[in-house]
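Let me begin by presenting the structure, written as structure tokens, before commenting on it.
The values are calculated or read from the model by the stated rules, or taken from the named source; none is laboratory data. Values in this document were obtained by computation on a predicted structure and should not be read as measured data. Here the Cβ is made from the backbone with ideal geometry for all residues, glycine too, and neighbour counts use every protein chain on show.
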Amino acid sequence: MARSRIIVIPLFLLIGIILITTPFLVDNYFIPLSLLIMILSFLPFIIRFERRNVAGRELVLLAVLAAIAAVSRIPFASLPSVQPTSFVIIVSALVFGAESGFVIGALAALVSNLFLGQGPWTPWQMYAWGMIGLSAGLLRNTWIMKNIVGKVIFGFITGILFGWLMNLWYFVSLDGSVTMAAIIAVFTTSFYFDLAHALSNVFFLLVFGNSWLKILQRFRKKYGLLDE
């Protein structure tokens, strides 16, 4: 697991740097290049997950958790950025690991958008929620995730970072005409929504975090699901 962290974390830092700097380097090709980068980032985890000896009941469990994370967006659709999707992804990753968290996060975005609307932003949401699951899974055995304070801080930070990553989609739509004024305006406008997402993560982790973790850990131990 430690070896996978050494490889995975620098890889995604590099992808993030490329995603941020690409619009200033290749304006005319940013849309296809950014989508290509995200697709390539999905592949190693999908391939590695496929090569694992995953039982049918484990796939059913992942599908159910992804469906719960996806459907939980719908009742909160009238409250922008307030939804328990990130919470479900985080607690699932804490119990079942980084790969499972990434798959649940990516599928949750894809499935929920079947109801809320698919579009070119869907790969970005898949990447963002997948990365939340991946990060939570990689950190699940560290001191950060061993106490409620660390989980809450993680939930708050990832809520903000989710919004920042999704802001990049707006810059893609500008077709290369990105200015500092536009960047400041977009991040200022999105601050309320990013804060709402972050605070909703904090609320759900504080109120439901321990009970969800106990239930999922009981399932994992009793049925031997997705042991890493």
Could you check Phe115 against (1) out of contact with any Lys or Arg (no Cβ under 6 Å at 6 or more places or on another chain); (2) surrounded by 17 or more Cβ atoms within 10 Å (Cβ to Cβ); (3) in a helix (DSSP H, G or I); (4) of a type outside the set (S, T, N, Q) and say which number it fails? (2)
Scan of the stretch 127-148 for residues that are modelled with pLDDT under 85 and under 17 Å from Leu62 (Cβ atoms), ordered by number: none
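Examine the stretch 185-192 for a residue that is aliphatic (A, V, I, L, M) and within 20 Å of Gly130 (Cα to Cα), and state whether such a residue exists. Step through it out loud before you land on a result.
Residues of the stretch 185-192 aliphatic (A, V, I, L, M): 185-186.
Of the ones still in play, those that are also within 20 Å of Gly130 (Cα to Cα) are none.
There is no residue in the stretch 185-192 that is aliphatic (A, V, I, L, M) and within 20 Å of Gly130 (Cα to Cα).
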So the check is Cβ under 9 Å with 6+ separation or different chains; which pairs have a first residue in the stretch 111-139 that's at negative phi and a second one that's acidic (Asp, Glu) and crowded, with 22+ Cβ neighbours inside 10 Å? Gly133/Glu99; Leu134/Glu99; Gly137/Glu99
Sole miss for Ala63 among (1) over 14 Å from the mean Cα position of the chain (by Cα); (2) closer than 20 Å to Ala196 by Cβ; (3) aliphatic (A, V, I, L, M) is condition (2)
From the list Ile153, Ile90, which one is within 23 Å of Leu168 (Cβ to Cβ) and at pLDDT 85 or above? Ile90
Does Leu216 meet the test of being in contact with a helix residue (DSSP H, G or I) (Cβ under 6 Å, 6 or more places away or on another chain), within 21 Å of Val103 (Cα to Cα), among the aliphatic types (A, V, I, L, M) and modelled with pLDDT under 85? no
